[in-house]
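Enquirer: I have a structure I would like to understand better, so I am pasting it below and will then ask my questions one at a time.
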Amino acid sequence: MSTDLTQLITEQIINGLVSGSMYALMAIGFSLVWGILGILNFSYGSLYTLGGYITYYLINFQGIKLYAALTLSTVLMFLIGVAEERLIIRPFSRLREDPTAYMTATIMATVGLSVVIEYSIFLTFGARVKSLPLFFPGTVAFGDYQVGTQMLFVLFVSVSIIVAAVMFFKYARLGLAMQSLAQEPLAASLMGVNINRICGLTFGISTALAGLAGSLLAPVQSLSPSVGWLPFTYAFIVVVVGGLGNMMGIIFTGFAIGLIKSIGTIWISPSWMLPVIFGAMFAIVVWRPQGLFGTRGG
């Protein structure tokens, strides 16, 4: 193997780990709403975009420092998620006894919200591509290889959040309450779990994760009103392939797809990677409808 090819593969592995961490982060948030509340949130890609634009606005128009803007943007996205559940999703709660009607209504509502968010961003910021300065400019040397400090920062933050999410759902009382609501809604209600509160917090956490992913990648991937659709598509694929309800399976699948996508572009045109991965997802669903790590009926 030539030195140039070895270096290219190494670079793509780093890119794949960063992309995979973002896919895993977004997939965790997306799977929360889908698994716990039974809602396919089709506004998720637009929420990713909104998080990036909020961070862009705070830095460029309010003069807020990068790290403070990142934190404030994530908090604002959490509040937006809570508001989305309260104002847009909760009015359809009377349809929960009919899962098909409930899912149809909430899909239509979230698609509508996505259109509103994208058009609002277009009217506010225009269609021209925006970008953020790097949080950490420069590179770090690993032997003969140079890795962008920004990429390492994104990887560190996303992995830290993923680990925190795993610990939260394994040990925290609120995380356990969310899982109980997903598994046995009636039993959770009888045990005193405040379902409306859990629903609001679930949407808040999910939206915060989407917004954080959008903010972290804004310095390395330019912002545009529709930039969130591709990350959302990959997050959806990760959840379907990994298995709804299996967080570790989703995390593994997120990193695996990130690596496959990045390394695969060495030999396959990047424009073909999404169709190839989508085709693989279809084959896996035919073989195992519950996903690679999901349990049948779970």
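Enquirer: Quick check: anything in the stretch 263-274 in a helix (DSSP H, G or I), under 24 Å from V157 (Cβ atoms) and at pLDDT below 95? Before the answer, list the steps.
Expert: From the stretch 263-274, those in a helix (DSSP H, G or I) are 263-264, 270-274; that's our starting set.
Checking which are under 24 Å from V157 (Cβ atoms) leaves us with 263.
Then drop every residue that is not at pLDDT below 95, which leaves 263.
Yes, the stretch 263-274 has at least one match.
Enquirer: Based on what the data block shows, is A208 within 25 Å of L292 (Cα to Cα) and buried (at least 24 other Cβ atoms within 10 Å of the Cβ)?
Expert: Details: within 25 Å of L292 (Cα to Cα): no; buried (at least 24 other Cβ atoms within 10 Å of the Cβ): yes.
No: the conditions fail for A208.
Enquirer: Considering only the stretch 274-283, I want to know if a residue exists there that is within 27 Å of L5 (Cβ to Cβ) and β-branched (V, I, T). Write out each step before concluding.
Expert: From the stretch 274-283, those within 27 Å of L5 (Cβ to Cβ) are 274-277, 279-280; that's our starting set.
Add one more test, that the residue is β-branched (V, I, T), and what stays is 276-277.
Looking for residues that are within 27 Å of L5 (Cβ to Cβ) and β-branched (V, I, T), one finds at least one in the stretch 274-283, hence yes.
Enquirer: Could you check the stretch 248-275 and list, in sequence order, the residues that are among the β-branched types (V, I, T) and surrounded by 16 or more Cβ atoms within 10 Å (Cβ to Cβ)? Quick ask: steps written out before the conclusion?
Expert: Within the stretch 248-275, the subset among the β-branched types (V, I, T) is 250-251, 253, 257, 260, 263, 265-266, 268.
Once the filter is applied, which keeps residues that are among the β-branched types (V, I, T) and surrounded by 16 or more Cβ atoms within 10 Å (Cβ to Cβ), the stretch 248-275 yields I250, I251, T253, I257, I260, I263, T265.
Enquirer: Moving to a separate point now. With the structure loaded, tell me whether T106 is under 20 Å from the mean Cα position of the chain (by Cα), under 22 Å from A24 (Cβ atoms) and β-branched (V, I, T) or whether it fails that test.
Expert: Working: under 20 Å from the mean Cα position of the chain (by Cα): yes; under 22 Å from A24 (Cβ atoms): no; β-branched (V, I, T): yes.
Against the criterion (under 20 Å from the mean Cα position of the chain (by Cα), under 22 Å from A24 (Cβ atoms) and β-branched (V, I, T)), T106 does not qualify.
Enquirer: Which one of Y48, Y53 is assigned to a helix (DSSP H, G or I), crowded, with 23+ Cβ neighbours inside 10 Å, modelled with pLDDT of 95 or more and touching a Pro at 6+ places or on another chain (Cβ under 6 Å)?
Expert: Details: Y53 fails: touching a Pro at 6+ places or on another chain (Cβ under 6 Å).
Only one candidate passes the filter, namely Y48.
The values are calculated or read from the model by the stated rules, or taken from the named source; none is laboratory data. Just so we're clear, the structure is a prediction, and the values are computed from it rather than from any experiment. Cβ sites come from the backbone with ideal geometry, for glycine too, and all protein chains shown count toward neighbours.
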